[in-house]
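Below: the structure, in structure tokens.
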Ligand SMILES: [Zn+2]
């Protein structure tokens, strides 16, 4: 949330921090990136955000370096330069990023994910899956984004149910974490498509809605339309 970002940046300025370390899931890592911007910049975070009521001002000072230690397999935020932050007063949830926000170090250790409860594992895993599915069906694909997306889909699709059934399955946790990290790269060399933007709008209004659960709801309809229009045009 924007208020968390401002509070974190004020604290970093007071303490004279040299870098920001994020230990947690996607919200934590995204907040760390936004804090890294505001720790070296004046004004309000929304001055710099593009889209919505963001004022799109260029960031004039290099953000602090960010280290990410992910405890979940879902957002891919440990490897990408995107920070999705909610403006709680405006009900906006917008992704903002720049090359300066690529984490300088990312730690992906599946052992940190062993205690994630099944429902959270499922929702987070579907987020990772949709980053790659959307990236794969996007018009903005290239050989590299396809390469990452296909491998990510294979690893997450084959192992997510195992990780949900038994969180202490190290092989399943490792493969879902691997697929998640690759999915983060898909968003760097490709792009998401129809599911992610409307889901951000839904969870901006309903902040208790898990991102992955919102994606599942939207995707049931979007994929149905995609599949039926494919059927209509090809007869397959
Ligand atoms: Zn996502």
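Every number in this text was worked out from the coordinates using simple rules, so none of it is lab data. Predicted, not measured: the structure shown is a model, and the values here were computed from it. Don't worry about glycine lacking a Cβ; one is built from the backbone with ideal geometry, like all the others, and counts go over all protein chains shown.
Per q in 0.11, 0.14 Å⁻¹, report the Debye log10 I(q)/I(0) for region 16-149, using one uniform scatterer on each alpha carbon and no solvent. Log-scaled intensity ratios, in q order: -0.44, -0.71.
Per-residue extension of 0.36 nm, minus the Cα-Cα distance of residue 90 and residue 143, leaves a gain of 15.2 nm for this segment. Calculated mean residue ellipticity at 222 nm for the chain: -17500 deg cm²/dmol, from DSSP H runs with n ≥ 4 weighted as -39500 (n - 2.57), summed, divided by the residue count and rounded to 500. Compared with the dominant Cα axis of the chain, that is its longest principal axis, helix 118-137 is turned about 80°. Using a Debye calculation, one point per C-alpha and no hydration shell, please list log10 I(q)/I(0) for region 1-89 at q = 0.12, 0.16, 0.26 Å⁻¹ in order. Reported log10 I(q)/I(0), two decimals: -0.32, -0.58, -1.41. Contact order, relative form, for region 84-236: 29 percent (alpha carbon pairs under 8 Å, 6 or more residues apart, mean separation divided by residue count). Using a Gaussian network model of the chain in which every pair of alpha carbons under 10 angstrom is joined by a spring, one finds that among 126, 178, 115 the greatest mean-square fluctuation is at 115.
Computed over the chain, the quotient of the alpha carbon radius of gyration and 2.2 N^0.38 Å is 1.02.
One Cα centroid belongs to region 174-213, the other to region 99-132; the line between them spans 10 Å. Quick check: the angle from helix 143-165's long axis to the longest principal axis of the chain, C-alpha only, nearest 10 degrees? The angle comes out near 80 degrees.
Using DSSP, restrict attention to beta bridges with both residues in the chain and report what percent are antiparallel, rounded to the nearest 5.
Percent antiparallel among DSSP bridges in the chain is about 40.
Looking at region 1-108, what % of its DSSP beta bridges pair antiparallel, to the nearest 5? Percentage antiparallel, nearest 5: 40.
Shown is the FRET efficiency for residue 197 and residue 10, computed with R0 = 45 Å from the Cβ-Cβ distance and rounded to the nearest 0.05: 0.90.
If I fit a long axis through the Cα atoms of helix 2-15 and take the longest principal axis of the Cα atoms of the chain, what angle between them do I get, 0 to 90°, rounded to 10? Result, in degrees: 50.
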